[in-house]
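These notes are about the structure you will find just below.
The values are calculated or read from the model by the stated rules, or taken from the named source; none is laboratory data. As the structure is a computational prediction, the values presented were derived from the model and not from experiment. All Cβ positions, even for glycine, are placed from backbone atoms using ideal geometry, and neighbour counts span all protein chains on display. Keep in mind that these areas ignore ligands, DNA and RNA; they rest on the heavy atoms of the full protein, side chains included. Shrake-Rupley method; radii C 1.70, N 1.55, O 1.52, S 1.80 Å.
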Amino acid sequence: MAEYAIELRNITKTFGSVIANKNITLKVKPGEILALLGENGSGKTTLMNVLSGIYKPDGGQIFVNGKEVSITSPEESKKLGIGMVHQHFKLIDVFSAADNICLGDNSGKFFLSKNRYKKIDDFAKKLGFEIDSRKIVMNMAVSEKQTLEIIKVLYYGAKIIILDEPTAVLTVQETSRLFDILRKMKNEGHSIVIITHKLNEVMEISDRVTVLRKGEYIDTVTTSETNNQKLTELMVGRKINLNIERPVTEKQPPLLEIRNLTVKDDEGNTAINDLSFYIRSGEILGVAGIAGCGQKELCEAIAGLRPIVCGKLIHKGESIAGLSPKKIIEKGIAMSFIPEDRLGMGLSPSLSITDNMLLKNYTQASSKFNPFINRKKGRSDAETVIKDLSIDTPSTETPVRKLSGGNVQKVLVGREIKAGPNVIVTAYPVRGLDINSSYAIYNILNKQKKDGVGILYVGEDLDVMLELCDKIMVLCRGKMMGVVNSCNTTKEMLGLMMTGTENLTAKDGKTPGIAADSNIKEA
Amino acid sequence: MNIQIDALNTVTMFLFNIIVYNIVLLYGTVGEIITEKSGSLNLGVEGTMAVGAIFGYLMGCYTNSMMIGILFSIISAGLCGLLFAFLTVTLQANQNVTGLTISTFGVGLYFFVGKGLGDNFPAMSDYSAISEGANPIYIPFLSDIPVIGKVIFSQNILVYVGVAIAILAWVYLKYTKPGLKLRAIGENPAAADSMGVNITLYKYIHIIIGSAIMGIGGYYMGLVLRGSFEGSSCWTDGYGWIAIALVIFASWSPAKAILGTIIFGFFNTLQSRSGSLAQAFPDFLGWLKDIPAQFYSALPFLITAIVLVAESMRKRKNKNEPSAVGINYYREDR
């Protein structure tokens with residue numbers, strides 16, 4: 001048996017003038033878990049896409065079990081026993097689980113076999129997975145989809161399994177279940193490469209760590225001989241303080257109060273169900289929950305983008321329910337929602353930074369009866385934001401889509417802050433960002449908090465939320481599971497609340513989410 | 001007594017005409033469904049049918065053979081499909097624009113060739129094999145059933161072929177492995193690609209097959225109109241556009257396309273046959289013949305518009321539209 005299951009030598013991959021991978025070397029032993037660590041844009045996913053045949057490398061060699069191979073398509077990669085679970089699942093939503101697997105079946109048969117469901121159920125059971133092969137992917141939970149992806153890869157006999165940020169969408173409990181599966185697969189002799197930028201997970205699951213930075217290979221270390229701090233230095237290239245600051249502010253009266261809010265989603269199902277909570281000035285309220293438990297609808301309702309079914313939205317004692325988004329902006333409520341594809345909401349990708357600045361304040365930037373926009377003001381706003389948040393851009397006139405993910409998000413957050421709001425609703429502001437950019441965003445939010453802004457922070461990373469937020473509200477299927485103080489709760493507790501196993505609202509007598517010093521006078 | 005028999009004959013004739021004049025829609029619709037299932041929106045149906053019609057008809061007449069006529073309608077329309085595939089799959093051109101171009105180009109080519117021949121344009125009656133080939137085929141016993149026998153079992157060969165193609169396409173999409181892979185490409189090409197499906201090959205093959213089927217439809221229309229190349233309207237005369245709407249009406253199912261063809265055919269036939277059909281109406285429906293003929297002409301398009309509006313109001317979940325239709329796939333896209 002060869003010493004390495006996979007060996008990549010001097011892999012180079014460029015996209016136009018951008019060098020995504022530069023002379024990268026990577027070795028994976030049989031039966032080990034290798035973590036591939038690096039910031040955004042460090043080339044982790046590109047490298048693995050080269051290995052799985054999606055990208056054709058411009059240079060370098062690939063060895064599988066000691067033999068040099070050339071991988072020019074996903075099909076060849078599959079034949080070599082390499083399987084990849086992509087970050088954005090490669091599943092057909094309208095197909096059943098079984099059909100998604102059958103898709104890769106290249107045996108000669110022309111007709112689909114009738115017992116494909118049973119065959120796949122049996123296969124899954126043999127490996128210890130629970131799955132209903134007739135279930136349509138569209139109706140599956142995220143963790144089910146991921147399990148299906150793993151079964152899919154194993155079904156075609158993959159010995160080398162690549163997982164691209166597999167835990168990004170999972171709850172704590174689901175993550176630990178995934179890790180159990182990975183350990184089991186490792187013991188059965190599979191080689192696993194796991195891409196992540198969560199250091200805790202690297203320390204927990206991996207045997208060795210390979211670190212990339214800006215498309216270049218930095219080092220490979222044994223996990224047991226390293227720690228978070230050392231890994232961060234390798235990843236970022238300099239020392240960085242990993243603690244998130246949580247400034248203490250004086251207790252202020254409630255700024256935004258939500259009472260008995262009910263909102264429907266696009267499909268007409270109840271997305272937010274009878275929700276009550278409040279945010280004080282100088283406070284960060286975290287919102288935790290599994291993806292799709294109503295966070296998006298909540299943000300949209302507050303920003304006036306989504307009609308509410310019933311309930312009260314009280315801002316500084318005045319109702320904002322039913323006001324137009326423009327009126328709500330004028331009241332000083334800002335929203336920055338970072339959807340999964342980052343550019344979807346809030347910014348217009350093909351417009352320049354200046355134009356995107358003007359989108360929000362064109363009314364203030366010129367007088368009421370002046371039909372022309374004031375580009376000078378927009379440009380100076382853009383310059384301020386670029387300088388304040390150290391945005392890396394060639395000029396203020398660069399189309400936003402040409403910036404890297406982190407910089408795009410800074411533009412969005414920067415614009416919202418520029419307007420001087422008193423409430424910021426921010427959802428996933430660090431989604432997919434690397435450590436450096438994430439910390440920059442945390443600092444911006446903390447600065448706003450110190451200035452007395454009330455912040456609603458919808459997040460995914462519980463570790464971060466526990467450090468950054470003052471209080472955390474947990475949602476499960478649109479219902480509140482309780483509001484906890486981040487100082488005296490745990491990740492596990494939050495995980496249980498997110499899945500609805502633990503419901504704190506039912507425990508103590510008083511209803512959470514209603515301030516004692518409320519502005520709302522009960523009729 | 002006599003009046004009643006006449007009325008029955010008129011109704012039978014009407015139903016017969018629904019099939020005979022509209023089966024072209026089935027060819028267009030099934031061809032477009034196969035194309036769209038591969039994630040390609042080919043708006044060139046009208047042009048592709050026109051090309052298939054003119055070349056199929058001419059070559060069929062010149063060789064005095066139905067089979068060669070069909071073959072050339074397949075080849076010439078298939079070439080339109082190849083052009084579309086080359087432009088959109090290999091060169092990644094915009095599908096909408098490419099499709100519209102093919103429509104304009106195809107109809108233009110049809111007139112260019114047809115008018116170019118002038119008096120030399122072959123008359124169908126001169127070619128026995130063609131004019132006889134377009135005659136009805138009576139299915140033994142079944143064609144003796146009153147009304148249904150005439151309407152369904154006394155049609156020409158291409159009507160039966162059209163229905164057979166629709167049913168085969170339905171089975172292909174639903175029960176076969178290549179059909180599954182094809183649907184996967186239309187839904188999420190990146191996922192299909194990662195499972196080792198050859199996207200480029202599948203797209204090329206199905207775009208070409210889809211166009212070839214449209215081409216037979218065009219040829220069929222030439223035969224039904226007995227090759228009369230007069231006036232300013234094309235043999236396919238807007239059927240290609242209705243077929244595109246029918247795809248939505250049939251919710252991307254070739255089997256439902258048969259039903260859709262009959263329903264649209266009904267409205268379509270009203271315009272040309274309303275006068276004579278009115279003879280068969282009982283007295284209390286007599287007012288139907290007073291409705292202006294223009295209304296009946298507009299009806300198919302009006303129905304098309306209503307169907308499109310109704311369809312767009314349905315929620316995504318119930319829709320069968322392939323998610324990736326109209327979007328070009330490039331593996332290394334970032």
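Given an 8 Å cut-off on Cα distances and at least 6 residues of separation, report the relative contact order of chain A as a percent.
Reported relative contact order: 15 percent.
Over the range A:351-420, calculate the relative contact order: mean separation of alpha carbon pairs under 8 Å at least 6 apart, over the residue count, as a percent. Please list the in-between numbers first.
Numbers: 64 pairs, mean separation 26.5, N = 70.
Once divided by the residue count of the range A:351-420, the mean separation gives 38 percent.
Give the accessible area for A:E68 in Å² (nearest 10); use a 1.4 Å probe, count only protein heavy atoms, and leave out ligands, DNA and RNA.
110 Å²
Per residue of the range B:187-196, what does 6.51 cos²θ - 1.76 cosθ + 1.60 with θ = phi - 60° give for ³J(HN,Hα)? Whole Hz please, x for Gly and Pro, Karplus curve as stated.
8, 8, x, 5, 5, 4, 4, 5, 8, x
Show the residues, 5+ positions off or on another chain, whose built amide H is closer than 5 Å to the amide H of A:Y278.
Here A:I258 satisfy the definition.
Starting at the first residue of the range B:201-214, write each ³J(HN,Hα) from the Karplus equation 6.51 cos²θ - 1.76 cosθ + 1.60 with θ = phi - 60°, in whole Hz, x for Gly and Pro.
Each residue's phi maps through the Karplus curve to give 4, 4, 5, 4, 4, 7, 5, 5, 4, x, 5, 4, 5, 4 Hz.
Rounded to the nearest 20 Debye, what is the dipole magnitude of the range A:6-236 about its Cα centre when Lys and Arg each give +1 and Asp and Glu each give -1 at the C-beta?
Approximately 600 debye in magnitude.
What residues does the range A:61-76 have that are buried by at least 20 Å² of accessible area in the full protein assembly compared to the chain on its own, 1.4 angstrom probe?
Buried-area filter returns A:P74, A:E75.
Taking amide H atoms as placed 1.01 Å from N in the peptide plane, list the residues 5 or more away in sequence, or in a different chain, whose amide H sits under 5 Å from that of A:A288.
Placed amide hydrogens put A:M473, A:V474, A:L475 under 5 Å from A:A288.
What's the FRET efficiency of A:A515 with A:D265 using the Cβ-Cβ distance as r and R₀ = 35 Å, to the nearest 0.05?
The value I calculate is 0.80.
Whenever you get a sec, line up B:W235, B:W287, B:W241 from highest to lowest accessible area (probe 1.4 Å, protein heavy atoms).
Of B:W235, B:W287, B:W241, the descending order of accessible area is B:W287, B:W241, B:W235.
Given the pairs A:K79/B:K174; A:K360/A:K402; A:K118/B:K181; A:K410/A:K471; A:K78/A:K410, which are separated by over 29 angstrom at their Cα positions?
On the way: A:K79/B:K174 27 Å; A:K360/A:K402 20 Å; A:K118/B:K181 20 Å; A:K410/A:K471 24 Å; A:K78/A:K410 39 Å.
Too far apart for the 29 Å limit: A:K78/A:K410.
Given springs between every Cα pair under 10 Å in a Gaussian network model of chain B, which of B:N17, B:N120, B:N64 has the largest fluctuation?
B:N120
Where the only charges are on Cβ atoms (+1 Lys, Arg; -1 Asp, Glu), what is the dipole of the range B:2-333 about its Cα centre, to the nearest 20 debye?
940 debye
When DSSP assigns beta bridges and you keep just the ones with both residues in chain A, what percent turn out antiparallel, to the nearest 5?
55 percent
At a 1.4 Å probe, what is the % contribution of carbon and sulfur to the accessible area of chain A?
Carbon with sulfur: 50 percent of the solvent-accessible area.
Give, to the nearest whole percent, the P(r) tail of the protein assembly as shown beyond 55 angstrom, counting all Cα pairs.
26 percent
Looking at the calculated P(r) for the range A:6-236, what percent of the C-alpha pair distances fall above 27 Å?
For the range A:6-236, the fraction of Cα-Cα distances above 27 Å is 34 percent.
Classify the range A:409-523 as rounded, prolate or oblate, taking a ≥ b ≥ c as the square roots of the eigenvalues of its Cα gyration tensor: rounded when a/c is under 1.5, otherwise prolate if a/b is larger than b/c and oblate if not.
In terms of gyration-tensor shape, oblate.
Which FRET efficiency, nearest 0.05, do B:F86 and B:K174 yield, Cβ-Cβ r, R0 41 Å?
Working: r = 29 Å, r/R0 = 0.71.
Once the sixth-power term is evaluated, E becomes 0.90.
Please list B:M221, A:M493, B:M67 in order of solvent-accessible area, largest first, computed with a 1.4 Å probe with all protein chains present.
On the way: B:M221 5, A:M493 50, B:M67 130 Å².
The most accessible residue leads, giving B:M67, A:M493, B:M221.
Rounded, prolate or oblate: pick one for the range A:351-420, where a ≥ b ≥ c are the square roots of the eigenvalues of its C-alpha gyration tensor, a/c under 1.5 means rounded, and failing that, prolate if a/b is larger than b/c, else oblate.
Working: a/c = 2.25, a/b = 1.80, b/c = 1.25.
Prolate, since a/c reaches 1.5 and a/b exceeds b/c.
Considering only DSSP beta bridges whose two residues both sit in the range A:6-236, what percent are antiparallel, to the nearest 5?
55 percent
List the aspartates and glutamates whose alpha-carbon lies under 18 Å from that of B:K115, not counting same-chain residues fewer than 8 positions away?
Output for B:K115: B:E230, B:D237.
Cα gyration tensor of the range B:1-83, axes a ≥ b ≥ c as square roots of the eigenvalues: rounded (a/c below 1.5), prolate (a/b > b/c) or oblate?
oblate
Go through A:S113, B:I54, A:L255 and say which Cα lies farthest out towards the positive end of the charge dipole of the protein assembly as shown; charges sit on Cβ, +1 for Lys and Arg, -1 for Asp and Glu.
So the residue we want is A:L255.
Please compute the average number of Cβ atoms from other chains found within 10 Å of each residue's Cβ in peptide B:181-194. Kindly include the intermediate steps, with their values, before the conclusion.
Details: counts 5, 0, 5, 9, 2, 2, 5, 9, 1, 5, 11, 5, 6, 17.
Shielding by partners across B:181-194 averages 6.
Using amide H atoms built 1.01 Å from N in the peptide plane, name the residues 5+ places from A:V425, or on other chains, whose amide H lies under 5 Å from its own.
A:A334, A:M335, A:S336, A:L456
Starting from 0.36 nm per residue, how many nanometres of slack lie between A:N106 and A:K67 once their C-alpha separation is accounted for?
11.6 nm
At 7 Å along Cα-to-Cβ for each site, give me the label-to-label distance between A:K251 and B:A298 in nm.
7.2 nm
Using +1 at the C-beta of Lys and Arg and -1 at the C-beta of Asp and Glu, which of B:P292, B:A191, B:S253 has the Cα lying farthest in the positive direction of the dipole of chain B?
With unit charges placed on the Cβ atoms, the residue in question is B:A191.
Can you tell me the order of B:190-199, A:346-355 when each peptide is scored by its average per-residue count of other Cβ atoms within 10 angstrom, highest first?
B:190-199, A:346-355
Counting only other chains, what is the mean number of Cβ atoms within 10 angstrom of the Cβ of each residue in peptide A:49-57? Don't jump to the answer; show the numbers that get you there.
Working: counts 4, 0, 0, 1, 4, 6, 3, 2, 0.
Counting other chains' Cβ atoms within 10 Å and averaging over A:49-57 gives 2.
Expressed as a whole number of Å, what is the distance separating the alpha-carbon centroids of the range A:248-299 and the range B:88-124?
So the two Cα centres are separated by 59 Å.
Calculate the dipole size of the protein assembly as shown relative to its Cα centre from +1 charges on Lys and Arg beta carbons and -1 charges on Asp and Glu beta carbons; express the result in debye to the nearest 20.
Roughly 1060 debye, rounded to the nearest 20.
Charges on Cβ only, +1 for Lys and Arg, -1 for Asp and Glu, centred on the Cα centroid of the protein assembly as shown; of B:I130, A:H197, A:Y278, which one is farthest towards the dipole's positive end?
Result: A:Y278.
When you look at the Cβ of every residue in A:82-93, what mean number of other chain Cβ atoms sits within 10 Å?
Per residue, the average neighbour count from other chains is 3.
Gap in Å between the Cα centre of the range A:126-180 and the Cα centre of the range A:416-486?
One Cα centre to the other: 29 Å.
Once label points are set 7 Å from the Cα along Cα→Cβ at both A:A141 and B:N198, what is their separation, rounded to one decimal in nm?
4.2 nm
Using the Karplus equation 6.51 cos²θ - 1.76 cosθ + 1.60 (θ = phi - 60°), what ³J(HN,Hα) coupling, rounded to whole Hz, does each residue of the range B:133-145 give in order, writing x for Gly and Pro?
For the range B:133-145, the Karplus curve yields x, 8, 6, x, 10, 8, 6, x, 6, 4, 6, 7, 5 Hz.
Could you let me know the centre-to-centre spacing of the range A:50-110 and the range B:210-233, using Cα atoms, in angstrom?
Cα centroid to Cα centroid, the span is 45 Å.
Distance in nm between label sites at B:V147 and A:F372, each 7 Å beyond Cα in the beta-carbon direction?
7.5 nm
So for each of B:20-31, A:442-453, A:228-239, A:82-93 I average, over its residues, the number of other beta carbons within 10 Å; can you give me the resulting order with the highest mean first?
B:20-31, A:82-93, A:442-453, A:228-239
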